[in-house]
Amino acid sequence: MREDNFIIAGQRLASRLLLGTAGYPNQRVLADAVRASECEIVTVSIRRISLKGHGSDTVRLLSGYRFLPNTAGCETARDAILTAELAREALGTNWIKLEVIGDRETLYPEVTELLEATRELVDRGFVVLPYCTDDPVICQRLADLGAAAVMPMGSLIGSGMGIANPSNLELICRRSPVPVIVDAGIGTASDAALAMELGASAILLNTAVAKADDPVRMASAMRHAVEAGRLAYLAGRIPRRSRAEPSSPQLGLVGS
């Protein structure tokens with residue numbers, strides 16, 4: 001069986017599940033959910049962790065994990081670049097989840113600004129993981145600019161609608177020269193499993209766990225779903241057929 005490594009910017013990661021840290025009922029539930037997920041990377045908003053109180057508590061609480069700061073809330077390349085520089089100084093990491101939002105209602109990315117910010121941050125030595133639409137052309141352009149991974153949306157952020165366009169996602173995964181991390185829209189374990197079965201390298205989610213009735217149990221479910229989906233992708237599903245095909249041979253039946 002061939003090796004199945006998950007590598008970003010030369011760093012080998014054991015877990016294919018990345019978990020957000022916002023919106024949990026309390027810090028105890030957050031810590032327990034992160035532990036249950038067995039993730040290595042947690043995302044944090046630099047605007048929160050730069051403030052005293054809740055944000056700094058989160059950093060201390062999860063000090064054993066790799067932090068992936070994000071530029072949530074930024075609407076221009078300029079703001080995203082500034083936020084990334086603040087994140088590098090605050091957390092001592094050059095990894096950044098790049099978000100440049102173009103529409104407040106849908107939280108769709110602003111593609112022109114996203115491309116500009118990616119180019120500039122790569123030039124500044126950042127490991128850039130951009131959140132983008134599920135557009136194969138945009139994903140390719142981001143990779144060409146030096147993004148260490150691409151993070152196409154499954155569906156609208158926080159919607160729980162799952163994978164809105166499986167065909168596009170499968171195409172992105174098949175063509176991408178860098179890891180594909182599905183970000184946004186995951187609602188439950190079956191959504192995560194489907195994304196992995198389509199060829200995604202990893203899943204980043206937040207709301208599906210944080211807002212679940214039992215976040216800790218859902219975090220565990222997501223871990224198993226990601227693992228199962230990846231195994232299914234590697235194993236290779238049977239082709240779909242329009243007719244039944246018996247699993248047992250018809251020859252040698254009793255009475256024949």
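Residues Ser247, Ser155, Ser201, Ser63, ranked from the fewest to the most other C-beta atoms within 10 Å, line up as Ser247, Ser63, Ser155, Ser201.
The DSSP beta bridges internal to the chain are antiparallel in roughly 15% of cases.
For the peptides 207-219, 65-77, the ranking by mean Cβ contacts within 10 Å, running from highest to lowest, is 65-77, 207-219.
Rounding to the nearest 10 and keeping the result within 0 to 90°, find how far the Cα-based axis of helix 27-37 lies from the longest principal axis of the chain. So the helix axis and the longest Cα principal axis differ by about 40 degrees.
Around Asp103, with a cut-off of 11 angstrom between Cβ atoms, what is the net charge of the other residues, counting Lys and Arg +1 and Asp and Glu -1? Taking every other residue near Asp103 into account, the sum is -2. Dipole size of the chain about its Cα centre, with +1 on Lys/Arg Cβ and -1 on Asp/Glu Cβ: approximately 620 debye, rounded to the nearest 20.
Rounded to a whole number of µm²/s, how large is the Stokes-Einstein D of the stretch 161-223 at 37 °C and 0.692 mPa s, given Rh as the Kirkwood radius over C-alpha pairs? Here the translational diffusion coefficient equals 276 µm²/s. With a simple spin-label model that places each label point 7 Å from the Cα along the Cα-to-Cβ direction, the separation between Ala228 and Leu61 comes to 2.8 nm. Here the sum of -39500 (n - 2.57) over DSSP H runs of 4 or more residues, divided by the residues of the chain, equals -12000 deg cm²/dmol at 222 nm, to the nearest 500. The value given for the stretch 31-189 is a Kirkwood hydrodynamic radius of 16.0 Å, derived from the mean inverse Cα-Cα separation.
Identify, among Ser37, Ile203, Thr93, the residue whose Cα sits farthest towards the positive end of the charge dipole of the chain, taking +1 on the Cβ of Lys and Arg and -1 on the Cβ of Asp and Glu, with the dipole about the Cα centre. It is Ser37.
Neighbour counts of other C-beta atoms within 10 Å: give me Arg78, Arg243, Arg119 arranged from fewest to most.
In order of increasing Cβ crowding within 10 Å: Arg243, Arg78, Arg119.
By other beta-carbon atoms within 10 Å, ranking Leu205, Leu62 with the fewest at the front produces Leu62, Leu205. Taking Thr58, Thr43, Thr133 in turn, the Gaussian network model of the chain (Cα-Cα springs below 10 Å) assigns the largest fluctuation to Thr58.
All of the numbers you see were taken from the coordinates with simple rules; none came from a lab. From a predicted model like this one, the values you see are computed outputs, not experimental measurements. Virtual Cβ from ideal backbone geometry, glycine too; neighbours counted across all protein chains shown.
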